[in-house]
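Shown next, in structure tokens, is the structure this report addresses.
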Amino acid sequence: MSVEDWEPVIGLEIHVQLKTNTKMFCGCELSFGEEPNTRTCPVCLGLPGSLPVVNARAIHYGLLMGEAFGCEIAPRSIFARKNYFYPDQAKNYQISQYDTPLCRGGSLGDVRLNRIHLEEDAAKLVHLGESGRIHGSEASVVDYNRGGTPLAEIVTEPDIHSAEEARDWLNLLRVTLRQLGVSDVNMEEGSLRADANVSVRRRGDSVLGTKTELKNMNSFRFLMQGINAEIKRQVAVLEGGDRVVQETLHFDPGTGRLDTLRSKEEAHDYRYFPEPDLVPVVPTEEMRLEARAALPELPAARAERYASDWDIQEDTARLFAFEPDWGDFFEEAATAAAPLPTRPVANLVMELRSRVDGADPVATPVSAQAIAALARLVEERGTTPGNARKVLEILAREGGDAQAIIEREGLSAMADDGELAGVVAQVIADNPDVVERIKGGNQKAMGALVGPIMKATRGRADGGEVNRLIRRQLEL
Amino acid sequence: MSELLELTAAQAIDAIRRGEVTSEAVWSAYRERAAADENNSYTWVARPEAPAVEERAPLAGVPVAVKDLFATEGIPSQAGSKILEDYRPPYTATAVERITGAGAPILGKTNQDEFAMGSSTEHSAYGPTLNPWDRTRVPGGSSGGSAAAVAAGNAPWAIGTDTGGSIRQPAALCGIVGMKPTYGAVSRFGMIAFASSLDQCGPFARDVTDTALLLGAMVGKDPRDSTSLGLPEPIGTPSATDLQGIRIGVPEELTGEGIEPGVQKAFEATLELAKELGATVEPTKLPHAPHALAAYYILAPAEASSNLARYDGVRYGLRAGADGDLLHMYTATREAGFGPEVKRRIMIGTYALSSGYYDAYYGRAQKVRTRIAEDFRTAWDSFDFIATPTSPTVAFELGAKLDDPLAMYLNDFCAVPMSLAGIPAISIPNGLADGLPTGFQLAGPAFSENRILDAAHALEQAIGFDGSKARQA
Amino acid sequence: MSLSRDQVLHVARLARLELSEDEVERFSDELSKVFDWVETINELGDLEDVEPTSHVVAVENALRADEPAPSLPQEVALAAAPDVAQGGFRVPSPGAGGGG
Ligand SMILES: [Mg+2]
Ligand SMILES: [Zn+2]
């Protein structure tokens, strides 16, 4: 037996911080590294007598996700209290949702969703070192700035079967949520956090194995590392004749190890009950229409559209779908360049993207119209594909007009006036030894002629035309 | 006693308006009385200097006593608990803001059962409040400090909170008027929570007119309280002198058996008066009412167990056990900070919500609550109001029920059904039994505050209760 | 019904109450009595089809516009804290586990 005989079954639970102006239940602005406890109020500090009020935009974002993923929107959604004592919850309960989440079902890509619910984020605990010792025991300091930040918890069905699939799907989710504009979805900054439920079963089995819950995998790399380590561990346990114990495991990025979160004798008993301080959320037709109207085209749909409507390579299409700003830029350029074929336009856009390290295309000095003009110049042999790249480099640096750059820098393709034929003849005459080798059957030696020709024409010559002329003049 | 103190709040306002007396004089007279209060009604009294007030404002500077359960900025807000000893919040409750905004400055904070859990004001970390009619007896609770202060003439009026009778029952036991409005009529923002789905704040006053005036200053939708509602009409000045055409239902389940004879007698006498004023009085049924108290003692402690989780020694209030780990700090703080009744209710509520018991207790109690609300809705088809004695007993002796929680809980037998249904109810003094006041409760459908106040006004005139004895001391 | 000593201790732990030996005894007695009494709601028989009431108010969608309101200054937020360090609320170390 080996790992290959086992099928991993993985479900993800993702928490995303919503990009609202204010917290989930109070008017405090969201915090981005401010001084500790400067973004708090009676509500998010849990002061006696304070009451929560639901942020309308958080609900809107919830509905937006629900519409985007084809979820069933609850006709009547209720908040509930999840009770547990820990200083990261100012009230020692978290306002979350329990049996009536805002969204149920739906899917993204090949993965079905179980639910999406809204809740409040926990505060940050900073553990003090030696200096923070009080009477010999370690201490922590609580900063409630993050406490109460709106969160969406997205729970998938166990439809994922490898760490790579988990990573790819999470990336799709990330891009989709970013495009929906509901979150910054930055794993390193903690605005996207993923837990994984992992189990394994013998290939062919339909019954699910016992799952464990993996927490704290705060990067894509750690997510894969953690899942792979857990699959390996579970397979070893099962092959050793033991049983997997249902437990929560904490991934330690330092050691790459999974540690059991010891919960002592206390099996968590959250004592959920309907939050009496809040009233039901009943999404109206108007609220749902507003969400639908705000839906942008999502990556999966965009990739499909590129595949069917535009003649471009599959991986280019996927890239434009995942980076919708570049997708939009490409579409604008290709439309402006019509009826030219789209592939060369796509190639120029990809070239520009790599020159600016993937920065926002709007931030580059190059307009989609300039790309279209350049593509047209190549098509009409006003310049060569090679020189077009040089033009692009200048455009990316300085902006401006492709035609003007070509003229200024002498990057035009050579007109068909015999000039090139003369250069070819001259180079052939200057390199009799190379000619000898070519005639002796060494086709590769032709490169030794092309180089000097391109140099003499300062790159203006079309590579294909140069090859044709050499062959003709050497009567090959 | 100064004549000033014999004026009702409405009369004092009129006198101020007419220039016969200044608001400073009213303030000083009551401030002096409050500071000299011998019933332990107050846990904090304002400084002697009269605060600046706007005499043209609706309440003209007539000061108000505020139950310690309300958050008041910079002023101790301790909820009767040691765990909040000398806690001074950075904000003020909406209800208090509205009243002070209407021109009534805060005279003091009044004693109460800890976190409003109790019916005698004996469960206070700051000692029991005494009944001004008889200092060997309790004033009722949990808003006993507010009730005693008004009854003793040590406050012109006061506000309290009512979760399962905590305004009506002490009003009855102290011989004054107390009203619990429709749930949601007054904002709960800043009212330290006991049981959120039941807590409602309301006025105490010497008479029905003052009650209406103070209630009118408190009500209104508050964007900071999701469960608050706007009343369909403002609270008016009650003026009815008869009950022509009014139909009063008397539920079998909440009268007769279990009611002290003296209380029952006073209740029946008031029903006779109602008939004389033109009302029809008929027996009716609230079939689920006998189960209201049991349902209440699941729902309220369950919500309380969660609401009181925040008292943990981290952000405010008492901390103990800081020499140990976090768990030790939590348990030591809560052990030292909470009194026995609070602990008892936290235990009941935690158990009722715990895994495996939710459906049998909390879920079922919520269904009983539905049934009770339905009972009242059915009653409104035939009646304008439901009438019961407010409390089954008159004020009992200090310590009499402290060791028997179930006996203590039974005090709210007649008050709790209205709380579960969220409907308004008033208690007016309707006589004495063995020299101690009895209370008459009138409840109506949601938002019927004006009609209840009018009917109570007519009854009050006919009863002619004299509460001055309690103000003599 | 009666609550066992273990049940009382379990509930006390969930509620973060530290009970003295005396209190454990008293609570198992008192709570047993209270629950015997509250179980009288079972006399009402089958309530299967009854909707539970969480709210007596018929309010829905009490939503707040996503508009910032001023926060408290740090010193006000910390003013009532029993122990403060580095601009935060200092607490004894939670140790392993214990979170949600
Ligand atoms: Mg969550
Ligand atoms: Zn806040």
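Summary table below
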| read-out | value |
| --- | --- |
| Selected residue (criterion: farthest from ligand 2 (Cβ to nearest atom)) from residues of the stretch C:44-53 that are within 7 Å of another protein chain (Cβ to nearest Cβ) and surrounded by fewer than 20 Cβ atoms within 10 Å (Cβ to Cβ) | C:Leu44 |
| Tally, over the stretch B:298-333, of residues that are within 15 Å of C:Leu14 (Cβ to Cβ) and in contact with an Asp or Glu (Cβ under 7 Å, 6 or more places away or on another chain) | 2 |
| Residue match in the stretch A:19-30 (condition: more than 15 Å from ligand 2 (Cβ to nearest atom) and touching a residue at least 24 places away in the same chain (Cβ under 8 Å)) | yes |
| For A:Leu64: the one exception among (1) away from ligand 1 (no atom under 16 Å from the Cβ); (2) under 23 Å from B:Ser228 (Cα atoms) | (2) |
| Selected residue [within 14 Å of chain A (Cβ to nearest Cβ), exposed (fewer than 15 other Cβ atoms within 10 Å of the Cβ) and touching a Ser or Thr at 6+ places or on another chain (Cβ under 8 Å)] from C:Ala62, C:Ala69, C:Ala77, C:Ala58 | C:Ala69 |
| Any pair with Cβ under 7 angstrom, 6 or more apart, that starts in the stretch C:71-91 at a residue that is over 20 Å from B:Tyr330 (Cα atoms) and ends at one that is small (Gly, Ala, Ser) and away from ligand 2 (no atom under 13 Å from the Cβ) | C:Gln74/C:Gly87 |
| Failed condition for A:Leu395, given (1) farther than 30 Å from A:Arg472 by Cβ; (2) modelled with pLDDT under 85; (3) of a type outside the set (Val, Ile, Thr) | (2) |
| Residues satisfying the stated conditions in the stretch A:38-63, i.e. facing chain C (nearest Cβ under 8 Å), more than 10 Å from ligand 2 (Cβ to nearest atom) and hydrophobic (A, V, I, L, M, F, W, C) | A:Val53, A:Val54, A:Ala56, A:Ala58, A:Ile59 |
| Single condition A:Gly33 does not satisfy, out of (1) under 30 Å from the mean Cα position of the chain (by Cα); (2) more than 13 Å from ligand 2 (Cβ to nearest atom); (3) on the phi < 0 side of the Ramachandran plot | (3) |
| Per-region count, the stretch B:355-376, residues modelled with pLDDT of 95 or more, more than 8 Å from every other protein chain (Cβ to nearest Cβ) and out of contact with any helix residue (DSSP H, G or I) (no Cβ under 7 Å at 6 or more places or on another chain) | 1 |
| Number of positions in the stretch A:9-22 that are assigned to a loop (DSSP other than H, G, I, E, B) and within 16 Å of ligand 1 (Cβ to nearest atom) | 1 |
| Residue that is nearest to the other protein chains (Cβ to nearest Cβ), among those in the stretch A:104-113 that are surrounded by fewer than 18 Cβ atoms within 10 Å (Cβ to Cβ) and of a type outside the set (D, E, K, R) | A:Gly105 |
| Residue tally, condition within 14 Å of chain C (Cβ to nearest Cβ) and either more than 30 Å from C:Pro82 (Cβ to Cβ) or free of Cβ contacts under 8 Å to residues at least 40 places away in the same chain (or both), over the stretch A:137-183 | 6 |
| Test for A:Gly49: is it within 16 Å of ligand 1 (Cβ to nearest atom) and surrounded by 22 or more Cβ atoms within 10 Å (Cβ to Cβ) | no |
| Selection from the stretch B:184-217 of residues that are within 14 Å of chain A (Cβ to nearest Cβ), more than 23 Å from B:Val342 (Cβ to Cβ) and either surrounded by fewer than 24 Cβ atoms within 10 Å (Cβ to Cβ) or in contact with a strand residue (DSSP E or B) (Cβ under 6 Å, 6 or more places away or on another chain) (or both) | B:Val186 |
| Criterion (more than 9 Å from chain C (Cβ to nearest Cβ), of a type outside the set (Phe, Trp, Tyr) and touching a Phe, Trp or Tyr at 6+ places or on another chain (Cβ under 8 Å)) met by exactly one of B:Ala352, B:Ala387, B:Ala309, B:Ala379 | B:Ala387 |
| Residue in the stretch C:7-17 that is more than 14 Å from chain A (Cβ to nearest Cβ) and either among the acidic types (Asp, Glu) or under 19 Å from the mean Cα position of the chain (by Cα) (or both) present | yes |
| Residues of the stretch A:85-103 that turn out to be touching a Leu at 6+ places or on another chain (Cβ under 9 Å), at the interface with another protein chain (Cβ under 7 Å from one of its Cβ atoms) and either among the aromatic types (Phe, Trp, Tyr) or farther than 24 Å from A:Cys41 by Cβ (or both), as a count | 2 |
| Residue check for A:Val185: touching a Pro at 6+ places or on another chain (Cβ under 7 Å) and away from ligand 1 (no atom under 16 Å from the Cβ) | no |
| Residues of the stretch A:311-323 satisfying the condition of being surrounded by fewer than 19 Cβ atoms within 10 Å (Cβ to Cβ) and in contact (Cβ under 8 Å) with a residue 24 or more places away in the chain | A:Asp311, A:Gln313 |
| A:Glu4 vs. criteria over 22 Å from the mean Cα position of the chain (by Cα), more than 16 Å from ligand 1 (Cβ to nearest atom) and facing chain C (nearest Cβ under 10 Å) | no |
| Flag if A:Thr38 is among the β-branched types (Val, Ile, Thr) and within 16 Å of ligand 1 (Cβ to nearest atom) | no |
| Residue list for the stretch A:7-37, restricted to those being more than 30 Å from A:Glu164 (Cβ to Cβ) and more than 7 Å from every other protein chain (Cβ to nearest Cβ) | A:Lys23, A:Met24, A:Phe25, A:Cys26, A:Leu30, A:Ser31, A:Phe32, A:Gly33, A:Glu34 |
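Here is a yes/no grid of residues against (1) of a type outside the set (Val, Ile, Thr); (2) in contact with a strand residue (DSSP E or B) (Cβ under 6 Å, 6 or more places away or on another chain); (3) within 16 Å of ligand 2 (Cβ to nearest atom); (4) in contact (Cβ under 8 Å) with a residue 24 or more places away in the chain:
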position	(1), (2), (3), (4)
A:Arg81	yes, yes, no, yes
A:Asn92	yes, no, no, yes
A:Ile95	no, yes, yes, yes
A:Pro101	yes, yes, no, yes
A:Gly105	yes, yes, no, yes
A:His117	yes, yes, no, yes
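The values are calculated or read from the model by the stated rules, or taken from the named source; none is laboratory data. A quick note: this is a predicted structure, and the numbers were derived from the prediction, not measured. Using ideal geometry, Cβ is built from the backbone for each residue, glycine included, and neighbour counts are taken over all protein chains shown.
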